[in-house]
Amino acid sequence: MACWYSRPVWFVADVAATLDFYVGKLGFTEAWRHDHEGKAVAAQVNRLDCEICFSDQWPQKNGTGMIFLSLDRQDYDPLRGELEARGVTVEDGWWGYDCLVVTDPDGNKLYFADPGEDE
C-alpha cells in the first residue's frame, strides 16, 4: 500500500529568526537545518505531527503560507493561553470553522480549528 508524505515549505526572510519564533514562541522543535556559508537557508520544525519547512531562497514568496491545523479538544482548549503566555499574538478567525489564528513574523498564518463539541 502506497503512502504519501508531505510537508509545506514556507518562504521566509531569515531562517534563523523564523526558527527562533517557531521553537521559542510556538513550542516546535528544530528537526534539521541546512546552512550555507554559515547562514541557515533551509530548516524544518516539528510539533507532534505538524511539520513545516522554511527556505529563504525565493524572497518574492515570503509570507504567503497558510496552514490549517486540526486539534482535539484537550489540545485546543489550552492553546491560546499557552501561546499568549509565550508572547504570541493570537487572533480569532474563521475558515469554515471558528479558529485561533497566529501570524508569524513573515506573515505566514497558522489556523487552529476549533474542534467543536465533543461527541
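A short reminder: the numbers here are calculations on the coordinates, not readings from a lab. Not measured: the values here are computed from a predicted model. Backbone-built Cβ (ideal geometry, glycine too); neighbour counts: all protein chains shown.
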Looking at Leu69, Leu79, Leu83, can you tell me which residue is touching a Lys or Arg at 6+ places or on another chain (Cβ under 9 Å) and surrounded by 15 or more Cβ atoms within 10 Å (Cβ to Cβ)?
Leu83
Being out of contact with any Gly (no Cβ under 6 Å at 6 or more places or on another chain), touching a residue at least 12 places away in the same chain (Cβ under 8 Å), small (Gly, Ala, Ser) and more than 25 Å from Arg33 (Cα to Cα) narrows Gly81, Gly87, Gly116, Gly65 down to just Gly116
Between Gly24, Gly87, Gly63, Gly38, which is within 13 Å of the chain's Cα centre (by Cα), more than 25 Å from Tyr5 (Cα to Cα) and not aliphatic (A, V, I, L, M)?
Gly24
Could you tell me whether Ala17 is surrounded by 12 or more Cβ atoms within 10 Å (Cβ to Cβ) and in contact with a helix residue (DSSP H, G or I) (Cβ under 6 Å, 6 or more places away or on another chain)?
no
